[in-house]
Amino acid sequence: MPTQLSKLLMNDSFVRFLKGKACEEEEAHWTDWMQQSRQNALYVEKGRKLLNRGVQTLPKPDSGAEFLHLMKRIESKDQTKSFNRSRNRSRNMVWLTMAAAISLLLLTGYLARNSFLQNSAAEPVQVVSIEYKEFETETGQKTTVQYSDGSIITLNANSKIRLPQKMVESDTMQVWLEGEALFNITRKEASESRTFIVHTPDGRISVLGTRFSVNTTRNQSQVVLTEGSVKISALEEAEKPGLEYVMTPGEKALFSQSYDNIQVEQVNTEVYTSWAGSNLVLDKTPLSELITRIEFTYDVEVIVEDQTLLDKQLTGRFNNSDLTFWLSGLSKMLEVDIDQQEQTIYIKEKTDSGSTE
C-alpha cells in the first residue's frame, strides 16, 4: 500500500468520507480535495476498494499486548540484575538505579502515548461548524438570499441550491447549484480574503468577489461574468486531464464533462442576467434561445410550426416577467399567432381574420 494512502487511511475524517458517513463540512473538504488532482481521486478510489474488501482502517496498536510486552522487558532486566548481584554489589546498585529509571521512562512514554491515541479516537479533529440550507424554486418563481457582508444570490425558477445558512469566518465558502442563479459576491479586504466556490455537475467556479450567473441546464454548465474574475475548473476524467480557464468580464463560458475544451465567447451580459430583475433583455438573440428560457422558467413546451423562425434574431426589452406579457410581445415581434393550451404553447403562421368572401 502506498505510503501516502496509508497516511490518509489513518485519518478518521478521510475514512468517514470513504464510508459515506462524513459530516457536511468533512464531505465538502474531501470532495474539494479529491477534485484538485487526478492523483487525489485515485487515492479515494483505492481507499474505497480497500474498505469494500473489509479493510476498515489501518491496524492500531494493541494496548494490552504492548503493556504485557513492556512488563516482560522490565522483568527480564530484574532477572539480569539478580544474576549479577553476587558478582559485584557496587555495580549492581548502579544497574538497579539505571533499570528503575529506564522502566519509569518506558512506562511514562507508554501511558502518554496510549492516552493520546485514546483521546484522538474519541475526539476527532474539530472543524468550523457550518449550517447548510437548501432552497428550491418552482415554475415562474425566484428567490433571493442576502448575507450580512452584502453578498446576494438570486435563484431562478425550477432551480435548487445548497448554501451556508449564514456568513461564516472561513477561508472557503461553498454552494452547490442545479439550475440557474445570479451571484453578486462582495469582495473582502486582501487581509481577509475568502474563496467562494460554486459546484455544478460539470465542475466548479472559484471567485474572490464578483458578479456572475451560472446555468446548469441542457447537460452543461454556463458561466457569464459581469465583473471581477472567476476560475473555471472542469471535472477530470480518466481519459483526459481537467480543464481550467480564468474568465474576464463580458465573457460567456460553456463546459461539460463531455466537452474536450471550455468554449468562450464575448457576449452582452445583460441578456444572461436581466432575468434576476423584472425585465428580460434580448440582443440579437435567436428565437431558439428565447424558447429555451421560456420552457425552463415556466415549465412549458413550445412548438413552432415554421422551423425557419428558430434562427430569427430578436432585439428588445420586456419590462415584465409575466408569461402572458412575453407571449403577447413575441407575437407582435414575429407577426405570428401564439396559442397557449395548458402547458403547451403553439407558435404558428398568422391567420388573416379580417378577410371576407
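The values are calculated or read from the model by the stated rules, or taken from the named source; none is laboratory data. For clarity, every value in this text was computed on a predicted model and none was experimentally measured. So basically every Cβ, Gly included, is an ideal-geometry build from the backbone, and we count neighbours across all protein chains shown. Just the protein is used for accessible areas: all its heavy atoms, side chains included, with ligands, DNA and RNA removed. Shrake-Rupley method; radii C 1.70, N 1.55, O 1.52, S 1.80 Å.
Search the stretch 233-273 for residues being of a type in the set (Ser, Thr, Tyr) and either touching a residue at least 24 places away in the same chain (Cβ under 8 Å) or in contact with a Pro (Cβ under 7 Å, 6 or more places away or on another chain) (or both), and hand back the single one that is most open to solvent (accessible area, probe 1.4 Å).
Ser258
Can you give me the number of residues within the stretch 35-62 that are among the aliphatic types (A, V, I, L, M), out of contact with any Phe, Trp or Tyr (no Cβ under 8 Å at 6 or more places or on another chain) and either closer than 24 Å to Pro164 by Cβ or modelled with pLDDT of 75 or more (or both)?
2
Any chance you could count how many residues in the stretch 274-294 are open to solvent by 60 Å² or more (accessible area, probe 1.4 Å) and closer than 29 Å to Leu235 by Cα?
Number satisfying all stated conditions: 1.
Being on the phi > 0 side of the Ramachandran plot and basic (Lys, Arg) narrows it down to one residue among Lys312, Lys332, Lys284; which is it?
Only one candidate passes the filter, namely Lys284.
Among the residues of the stretch 21-48, how many are over 22 Å from Ile197 (Cα atoms) and out of contact with any helix residue (DSSP H, G or I) (no Cβ under 8 Å at 6 or more places or on another chain)?
3
Considering only residues that are on the phi < 0 side of the Ramachandran plot and more than 20 Å from the chain's Cα centre (by Cα), look in the stretch 147-165 and name the one that is least open to solvent (accessible area, probe 1.4 Å).
Taking the candidates together, the pick is Ala157.
Just to be sure I understand the filter: pairs with C-beta atoms under 6 Å, separated by 6 or more residues or on different chains, first member in the stretch 131-146 and closer than 13 Å to Val175 by Cβ and in contact (Cβ under 8 Å) with a residue 12 or more places away in the chain, second member open to solvent by less than 100 Å² (accessible area, probe 1.4 Å) and not in a strand (DSSP E or B). Which pairs pass?
Tyr132/Glu24
Restricting to the stretch 333-348, give me the number of residues that are exposed (fewer than 11 other Cβ atoms within 10 Å of the Cβ) and either touching a Cys at 6+ places or on another chain (Cβ under 7 Å) or of a type in the set (D, E, K, R) (or both).
2
I need the full set of residues from the stretch 307-322 which are open to solvent by less than 80 Å² (accessible area, probe 1.4 Å) and under 15 Å from Glu335 (Cβ atoms), in order please.
Leu309, Leu314, Gly316
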